[in-house]
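Below is one structure, written out as structure tokens; the observations come after it.
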């Protein structure tokens, strides 16, 4: 498999606080990678740097994609910041101009999956947490990108919507050989969407497994994470 993401000796600090320390990671094209760890370990910081919305303090991130990276990396942010009064409909009008692959047919399909009609004309700042989550997830797929980055995909969603959205991403990513980076606190979500997992601890990757091997060894991703939080997980060398 060809490498789509190559990260070497990545460091990120906010003031005197070091979040990531000499982190190195390679992701193959079409791989579906879960990025796990405790709150504040640097998961979101890492994917934001991969998406080029944040810069590392040192180290390198190489994305092996031809053309405009901004149009081939789709990211669902945990939080969305929009100007007052801007609605989902306003944002969609903007994206139709910016993203050539955001066709009317693709927009209609996405709108149905993420169920945005109920709040489409409402100011984005007035949406509930779950509504913002759905719209942010929809944004990540607007240009049908090669790399999809999802950060807490189903947080705040009811079970029916969780099922619908997970099935959509599972189908789209596998059938179109997209590369997925998933930040999640849901082991079950990881097992459904991913084929590889890494755990970040104290700024470094300490555990890296194929999901099938992790399940064979620990019975489930949840058991892996239970051992991690208990402090009994055996780290990689």
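Side notes on the structure shown:
- Cα gyration tensor of region 177-237 - equivalent ellipsoid semi-axes, whole Å, descending: 18, 14, 11
- Rounded to the nearest 500, the 222 nm mean residue ellipticity of the chain from helices alone is -10500 deg cm²/dmol, with -39,500 (n - 2.57) taken per DSSP H run of at least 4 residues.
- Beta bridges per DSSP with both ends in region 3-230, % antiparallel, nearest 5: 55 percent
- Degrees separating the helix 159-175 axis from the principal Cα axis of the chain, which is the longest one: 80 degrees
- Using 0.36 nm per residue and subtracting the Cα-Cα separation, the extra length available between residue 237 and residue 107 on full extension is 42.2 nm.
- Between helix 129-139 and the chain: long-axis angle, C-alpha atoms, 0 to 90°, nearest 10: 90 degrees
- If you take the Cα centroid of region 177-237 and the Cα centroid of region 61-115, the two points sit 29 Å apart.
- Every Cα-Cα pair in region 104-237 was counted, and those over 18 Å apart are 59% of them.
- Once the mean of 1/r is taken over each pair of separate Cα atoms and inverted, region 64-162 shows a Kirkwood hydrodynamic radius of 13.9 Å.
- Angle in degrees between helix 88-98 and the longest Cα principal axis of the chain, rounded to the nearest 10: 80 degrees
- Proportion of all alpha-carbon pairs of the chain beyond 27 Å (%): 35 percent
We did not get these values from a lab; they are worked out from the coordinates using the rules stated. Because the structure is predicted, anything quoted here is derived from the model rather than measured.
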